[in-house]
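The values are calculated or read from the model by the stated rules, or taken from the named source; none is laboratory data. Values in this document were obtained by computation on a predicted structure and should not be read as measured data. Cβ placement follows ideal geometry from the backbone for every residue including glycine, while neighbour counts extend to all protein chains displayed. Only protein heavy atoms, including side chains, enter the accessible area calculation; ligands, DNA and RNA are left aside. Shrake-Rupley method; radii C 1.70, N 1.55, O 1.52, S 1.80 Å.
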Amino acid sequence: MESTELPIICAFHGFDASRKLQDLRYKTAVHLLEKSFYKCTAPSTYLCNKLAETGLPESKILKVPYGTDVTKIDLIKTSCKQIIADGLTIIHAGRLVAKKGVPDLVRVFVEIAKSHLNVRLKIVGSGGEENLVKELANTSGFGDRIEITGSLNHEKLIEEVSSAEIFVLNSRTTSDGETEGLPNSIMEAMACNTVVISTRHSGIPELITDNESGLLVEADQNDQLKKALLTLINDHNLRKRLAKNARKKVVKYFCLDQMSKSINDLVTSVDT
């Protein structure tokens, strides 16, 4: 590893500040590089604490939350033809990998579908658990109400999220220690005025305040996820209130302009 006198700002996200830190060679390399760090950043307090637990100096760790482009989302929503459908749509948008908890979302939806005939599930994304998710849908007896779209371009994704009533990101820590960072998919749903259900996992509670800007459940607790879904399915006014508050929160604290300002302030603070 070559040394440099240039100040370095190193950005950590989810995988590299959770599971990857369990790799001794990677962790050693981070600590060697730390001598050249001006600052290292992470998008949530949770991940900042994870970095501090490895021995990185807290004085060098800075939280810089992600930001979503609310203006772009609004333009897409305005220009895209909205999908009009009977009933209520629950949507997941994100990779189909273990930390997203999509198979459990399908299992919970199947239980709900037995008594709620007007509810459908849309799954946007692809990944390692795609075949399992498709198998669960196809053998559930409710495959006609579960749509698996695969990956979509950003405009189509925003159209689908905006047209759904409930957005679910059923995140959890994987068996090998990988966690979320600060999910952009939640921010985009909040900007779309689509009410969010997610889990008390990693930085997500910094985005969602339970029963104020969305609903939070414990990770890996299907009974809690089912209860939260039924609560929102049966209460239009609650969905409207939570979505309105979420939109205000993302515009104020998690927009792209705010993120850009934080990064600019960090870069201009470097004494060269």
TODO: Using 0.36 nm per residue of separation minus the Cα-Cα distance, give me the extension gain between residue 236 and residue 174 in nm, one decimal.
DONE: 19.0 nm
TODO: Quick one: divide the alpha-carbon radius of gyration of the range 88-152 by 2.2 N^0.38 Å and tell me what you get.
DONE: 1.00
Open item on the list: How large is the accessible surface of residue 253 in square angstrom, using a 1.4 angstrom probe and rounding to the nearest 10?
Closed with: 120 Å²
Open item on the list: Quick query: amide H of residue 217 versus all other amide H atoms, modeled in the peptide plane; which residues come in under 5 Å with a sequence gap of 5 or more or a different chain?
Closed with: 198, 199, 200
Task: Computed E for residue 184/residue 80 - FRET, C-beta separation, R0 22 angstrom, nearest 0.05 - done: 0.70
Open item on the list: Based on C-alpha coordinates, I'd like the Rg and Dmax of the range 1-78, in Å.
Closed with: 15.4, 50
Task: With all protein chains modelled, accessible area of residue 201 [1.4 Å, Å²] - done: 10 Å²
Task: Selection from 110, 93, 22, by position along the positive dipole direction of the chain (Cβ) - done: 110
Task: Helix 102-113 axis, angle to the chain major axis (alpha carbon atoms, nearest 10°) - done: 20 degrees
- [ ] Could you go through the range 181-189 in sequence order and give the Karplus-derived ³J(HN,Hα) for each residue, using 6.51 cos²θ - 1.76 cosθ + 1.60 with θ = phi - 60°, rounded to whole Hz, and x for Gly and Pro?
- [x] x, 10, x, 4, 4, 5, 4, 5, 4
Task: 202, 79, reordered so the largest accessible area comes first (probe 1.4 Å) - done: 79, 202
Open item on the list: When only alpha-carbon atoms are used, what values of Rg and Dmax, in angstrom, describe the range 135-272?
Closed with: 17.0, 64
Open item on the list: Can you give me the convex hull volume of the Cα atoms of the range 115-167, divided per residue and expressed in Å³?
Closed with: 87 Å³
TODO: Evaluate E = 1/(1 + (r/R0)^6) for residue 212 and residue 151, where r is the Cβ-Cβ distance and R0 equals 25 Å; express this FRET efficiency to the nearest 0.05.
DONE: 0.20
- [ ] May I ask which residue of 148, 174, 193 lies farthest towards the positive end of the charge dipole of the range 71-218, with charges of +1 (Lys, Arg) and -1 (Asp, Glu) on Cβ and the Cα centre as origin?
- [x] 148
Task: Placed amide H near residue 195: partners under 5 Å, 5+ positions off or other chain - done: 167
Task: Difference of contour (0.36 nm per residue) and Cα-Cα distance, residue 220 to residue 126 - done: 31.8 nm
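Give me the 1.4 Å probe accessible area per residue for the range 1-100, excluding ligands and nucleic acids, in Å².
Numbers: 5660 Å² over 100 residues.
Per-residue accessible area for the range 1-100 comes out at 57 Å².
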TODO: With a 1.4 Å probe and every protein chain kept in, tell me what percent of the accessible surface of the range 167-226 is carbon plus sulfur.
DONE: 36 percent
- [ ] Work out how much length residue 11 to residue 24 would gain on full extension: take 0.36 nm times their residue separation and subtract the Cα-Cα distance, in nm to one decimal.
- [x] 2.8 nm
- [ ] Specify the angular offset, from 0 to 90 degrees and rounded to the nearest 10, of the alpha carbon long axis of helix 222-233 from the longest principal axis of the alpha carbons in the chain.
- [x] 60 degrees
- [ ] Mind running the shape call on the range 210-255? Use the C-alpha gyration tensor, a ≥ b ≥ c as the square roots of the eigenvalues: rounded below 1.5 for a/c, prolate if a/b tops b/c, oblate otherwise.
- [x] oblate
Task: Estimated dipole of the chain in Debye, rounded to 20 [Cβ of Lys and Arg +1, of Asp and Glu -1, Cα centre] - done: 540 debye
TODO: Report the accessible area of residue 69, computed with a 1.4 Å probe over the heavy atoms of all protein chains in place, in Å² rounded to the nearest 10.
DONE: 60 Å²
Open item on the list: On C-alpha positions alone, give me the angle between the axis of helix 24-33 and the longest principal axis of the chain, in degrees, nearest 10.
Closed with: 50 degrees
Task: Portion, in percent, of the accessible area of the range 1-114 that falls on carbon or sulfur, probe 1.4 Å - done: 54 percent
Task: Solvent exposure, largest accessible area first (probe 1.4 Å, DNA, RNA and ligands not counted), of 187, 259 - done: 259, 187
Task: Cα-based convex hull, the chain, per residue volume (Å³, whole number) - done: 135 Å³
Open item on the list: Distance cut-off 28 Å, Cα to Cα: go down the list 35/261; 50/134; 20/248; 20/244; 99/226; 156/244 and report the pairs above it.
Closed with: 50/134; 20/248; 20/244
Task: Between the range 33-52 and the range 113-140, the Cα center-to-center distance that results, in Å - done: 37 Å
TODO: Assign unit charges at the C-beta atoms only (+1 for Lys and Arg, -1 for Asp and Glu), then state the dipole size of the range 42-190 relative to its Cα centre in Debye, rounded to the nearest 20.
DONE: 80 debye
